[in-house]
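Undergrad: Dropping a structure here in structure tokens format, bear with me for questions.
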Amino acid sequence: MPDTAPHEAKAQPAPPDRSAWARPWAQLKYITFQPAIFPRLLGKVSPDARPGDWVAVYDKNGERAGSGLYNPRAKIPLRVVVHSAEPVGEDYFEGAIRRAVALRREVFKLDARTDAYRLINSDGDGMSGLSIDRYADVLLCEIFSLGMAERLPRWLPLLHELAGTKFARVQVDHDLGSLEGIKPSLFRESQAAAPGSVKIREHGVRYEVDFAEGHKTGFFCDQRENRKAVARFTQGARVLDLCCYTGGFSLCAKILGEAADVTGVDLDESALDQARRNSNLNQVRLKLVHADAFAYARQMQQNGETWDVVILDPPKFIFTRDDHGNWEGRQKYEDLNQLAISLVKPGGIFVTCSCSGLLSLEDFEQHVIKAAHRQNRRLQFLDRTGAGPDHPVYSNCLESRYLKVLWCRVV
């Protein structure tokens, strides 16, 4: 006869003994090496943990998994700054800062080429929630975490000593700052004397960075090596720089690449004003057009205009992982690339960029290919690049590899 006795329920593992855990602590629901722990990944937290606290992190089995910054108010309530089975104290941060600065100044020796670079790259330097760009003698600090905001003022003297800077400016997105509970008063003293703008150098080209008017930090250090690389193709060429912002690619094409003619197009009037100041600073002439890139490219297509080199570096179009939500952004990439490719002379060079971190390199490439094929054009891919080496990426946070640049010959 078949066994009809009820099956015994599987024994559940005993909950870990948390009494011996270092306090304050936070426990993960799942084993992960991701630095950003969203609410669905976060388990229990000790009752003494306060917003901004440095907490010991334990995995679901009760094993020590690392240390991080906790804030129950935030969209990312736990940022695991360091993964380690051994206890790690807040002295970790000084070591991380020293390593980050040494990478830029001693390993890559960036000071020989520029005085503008990313000094600390958030997760890529084990400093989740803090990015710092160095512009001449000013540190521009972007903060995304209450824990980082509370600690930054006491790190600034060390940062100035290591980087050779004098001033600091701090940026916190208004909505994020309200959500995180970051108080602007934390930084009033440290940035009271900081200038509103500064002049920088990059590969022999001069730029003015306006902290009040500029997007993000006022300048995009991540495109530094790509700006220089475009000069390989522009000697004597007619160049179009769509979404030129403050003229970075345009100036490099003209000054380093000795282009015959450069047209920069952007919808942002203040950015174009800055591009004009930058061209005056370098004593060169650019044709700068205030227009929407889509509308301008359509008009030039109708006019039958073409260029030897076309550069396309639009703003971020994708803001969500949801397929339905990001469809519009993907369509914008295809449409704008299709228009831009139509303006490239046969055999000309097309450089196209995406700064949407939620769009993979492979997907971006497919959108660009579709755009070309719809024009009955073919692309000869020459290279695929990204941000410069001052924007390192940790292996447990590959999504921070956001910038993608495709170098193509259009046939």
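The values are calculated or read from the model by the stated rules, or taken from the named source; none is laboratory data. These numbers were taken from a predicted model, which means no experiment stands behind them. Note that we place each Cβ from the backbone using ideal geometry, even for glycine, and neighbour counts take in every protein chain shown.
Undergrad: Does residue 258 satisfy the condition of being more than 18 Å from residue 346 (Cα to Cα), within 21 Å of the chain's Cα centre (by Cα) and of a type outside the set (Lys, Arg)? Steps first, answer last, please.
TA: Numbers: more than 18 Å from residue 346 (Cα to Cα): yes; within 21 Å of the chain's Cα centre (by Cα): no; of a type outside the set (Lys, Arg): yes.
Against the criterion (more than 18 Å from residue 346 (Cα to Cα), within 21 Å of the chain's Cα centre (by Cα) and of a type outside the set (Lys, Arg)), residue 258 does not qualify.
Undergrad: Could you say whether any residue in region 271-284 is within 19 Å of residue 239 (Cβ to Cβ), touching a Lys or Arg at 6+ places or on another chain (Cβ under 9 Å), in a strand (DSSP E or B) and of a type outside the set (D, E, K, R)?
TA: No: region 271-284 contains no residue that is within 19 Å of residue 239 (Cβ to Cβ), touching a Lys or Arg at 6+ places or on another chain (Cβ under 9 Å), in a strand (DSSP E or B) and of a type outside the set (D, E, K, R).
Residue by residue, here is whether (1) over 14 Å from residue 240 (Cα atoms); (2) surrounded by 15 or more Cβ atoms within 10 Å (Cβ to Cβ) holds:
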site	(1), (2)
329	yes, yes
337	no, yes
346	yes, no
349	no, yes
359	yes, yes
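Undergrad: Would you say residue 88 is surrounded by fewer than 23 Cβ atoms within 10 Å (Cβ to Cβ) and of a type outside the set (Ser, Thr, Tyr)?
TA: For residue 88, the condition - surrounded by fewer than 23 Cβ atoms within 10 Å (Cβ to Cβ) and of a type outside the set (Ser, Thr, Tyr) - is met.
Undergrad: Is it true that some residue in region 34-53 is crowded, with 23+ Cβ neighbours inside 10 Å and either charged (D, E, K, R) or farther than 26 Å from residue 181 by Cα (or both)?
TA: no
Undergrad: Right, here's the next one. If you check every pair at least six apart or on different chains, which have Cβ atoms under 7 Å apart with a residue in region 128-147 that is closer than 15 Å to residue 201 by Cα and touching a residue at least 60 places away in the same chain (Cβ under 8 Å) first and a residue that is of a type in the set (D, E, K, R) and in a loop (DSSP other than H, G, I, E, B) second?
TA: If the second residue must be of a type in the set (D, E, K, R) and in a loop (DSSP other than H, G, I, E, B), the pairs left are 136/115; 137/166.
Undergrad: Going by the structure shown, is residue 195 modelled with pLDDT of 95 or more and either touching a Ser or Thr at 6+ places or on another chain (Cβ under 8 Å) or closer than 24 Å to residue 115 by Cβ (or both)?
TA: On the way: modelled with pLDDT of 95 or more: no; either touching a Ser or Thr at 6+ places or on another chain (Cβ under 8 Å) or closer than 24 Å to residue 115 by Cβ (or both): yes.
No.
Undergrad: So, one more: Right, residue 334: among the acidic types (Asp, Glu), closer than 25 Å to residue 236 by Cα and not in a strand (DSSP E or B) or not? Reasoning before the result, please.
TA: Numbers: among the acidic types (Asp, Glu): yes; closer than 25 Å to residue 236 by Cα: no; not in a strand (DSSP E or B): yes.
So residue 334 fails the test.
A quick yes/no check of all residues on (1) more than 29 Å from residue 130 (Cα to Cα); (2) of a type in the set (A, V, I, L, M, F, W, C):
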site: 201; (1), (2): no, no
site: 213; (1), (2): no, no
site: 219; (1), (2): no, yes
site: 222; (1), (2): no, no
site: 238; (1), (2): yes, no
site: 248; (1), (2): no, no
site: 260; (1), (2): yes, yes
site: 271; (1), (2): no, yes
site: 281; (1), (2): yes, yes
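Undergrad: When you look at residue 211, is it in contact with a strand residue (DSSP E or B) (Cβ under 6 Å, 6 or more places away or on another chain), modelled with pLDDT under 95 and farther than 29 Å from residue 82 by Cα, yes or no?
TA: On the way: in contact with a strand residue (DSSP E or B) (Cβ under 6 Å, 6 or more places away or on another chain): yes; modelled with pLDDT under 95: yes; farther than 29 Å from residue 82 by Cα: yes.
So residue 211 passes the test.
Undergrad: Report those strands (runs of 3 or more DSSP E) wholly inside region 109-172 carrying at least 1 residues which are among the small types (Gly, Ala, Ser) and more than 19 Å from residue 396 (Cβ to Cβ).
TA: Working: elements: 116-121, 130-135, 138-143, 167-171.
The qualifying strands (runs of 3 or more DSSP E) are 116-121, 167-171.
Undergrad: Give me the residue from region 11-31 that is in contact with a Ser or Thr (Cβ under 8 Å, 6 or more places away or on another chain) and farther than 11 Å from residue 64 by Cβ and, out of that set, modelled with the lowest pLDDT. Walk me through it before giving the result.
TA: First pass over region 11-31, keeping only residues in contact with a Ser or Thr (Cβ under 8 Å, 6 or more places away or on another chain): 18, 21, 23-26.
Add one more test, that the residue is farther than 11 Å from residue 64 by Cβ, and what stays is 18, 23-24, 26.
On the way: 18: 91, 23: 95, 24: 98, 26: 98.
The qualifying residue modelled with the lowest pLDDT is 18.
Undergrad: Quick one: residue 250 ticks every box in (1) under 13 Å from residue 307 (Cβ atoms); (2) hydroxyl-bearing (Ser, Thr, Tyr); (3) at pLDDT below 95 bar one, so which box is it?
TA: Just one mismatch for residue 250, condition (3).
Undergrad: Search region 388-401 for residues being among the hydroxyl-bearing types (Ser, Thr, Tyr) and in contact with a helix residue (DSSP H, G or I) (Cβ under 6 Å, 6 or more places away or on another chain), and hand back the single one that is modelled with the lowest pLDDT.
TA: Step one: of region 388-401, the residues among the hydroxyl-bearing types (Ser, Thr, Tyr) are 394-395, 400.
Checking the rest, the ones that are also in contact with a helix residue (DSSP H, G or I) (Cβ under 6 Å, 6 or more places away or on another chain) come to 394, 400.
Values: 394: 92, 400: 87.
Restricting to residues being among the hydroxyl-bearing types (Ser, Thr, Tyr) and in contact with a helix residue (DSSP H, G or I) (Cβ under 6 Å, 6 or more places away or on another chain), the top hit is 400.
Undergrad: Further question on the same structure: Those residues that are in contact with a helix residue (DSSP H, G or I) (Cβ under 8 Å, 6 or more places away or on another chain) and either outside the structural domain of residue 341 (by TED's automatic domain parsing) or part of a helix (DSSP H, G or I) (or both), I need them from region 352-387; list them, please.
TA: Within region 352-387, 363, 364, 367, 368, 370, 371, 372, 374 meet the criteria.
Undergrad: Report yes if residue 257 is out of contact with any Pro (no Cβ under 9 Å at 6 or more places or on another chain), surrounded by 21 or more Cβ atoms within 10 Å (Cβ to Cβ) and either part of a loop (DSSP other than H, G, I, E, B) or assigned by TED's automatic domain parsing to the domain that holds residue 117 (or both), otherwise no.
TA: Numbers: out of contact with any Pro (no Cβ under 9 Å at 6 or more places or on another chain): yes; surrounded by 21 or more Cβ atoms within 10 Å (Cβ to Cβ): yes; either part of a loop (DSSP other than H, G, I, E, B) or assigned by TED's automatic domain parsing to the domain that holds residue 117 (or both): yes.
Here the answer is yes, as residue 257 does meet what is asked.
Undergrad: Then there is this: For region 288-307, how many residues meet the condition of being part of a helix (DSSP H, G or I) and either in contact with a Leu (Cβ under 8 Å, 6 or more places away or on another chain) or not assigned by TED's automatic domain parsing to the domain that holds residue 277 (or both)? Step through it out loud before you land on a result.
TA: Looking only at region 288-307, we keep the residues that are part of a helix (DSSP H, G or I), and these are 293-303.
Narrowing further to those that are either in contact with a Leu (Cβ under 8 Å, 6 or more places away or on another chain) or not assigned by TED's automatic domain parsing to the domain that holds residue 277 (or both): 293-294, 296-298, 300-301.
Residues flagged as part of a helix (DSSP H, G or I) and either in contact with a Leu (Cβ under 8 Å, 6 or more places away or on another chain) or not assigned by TED's automatic domain parsing to the domain that holds residue 277 (or both) within region 288-307 amount to 7.
Undergrad: Specify which of the listed residues (158, 139) is modelled with pLDDT of 95 or more, exposed (fewer than 15 other Cβ atoms within 10 Å of the Cβ) and in contact with an Asp or Glu (Cβ under 9 Å, 6 or more places away or on another chain). Before the answer, list the steps.
TA: On the way: 139 fails: exposed (fewer than 15 other Cβ atoms within 10 Å of the Cβ).
Result: 158 is the single residue among 158, 139 that is modelled with pLDDT of 95 or more, exposed (fewer than 15 other Cβ atoms within 10 Å of the Cβ) and in contact with an Asp or Glu (Cβ under 9 Å, 6 or more places away or on another chain).
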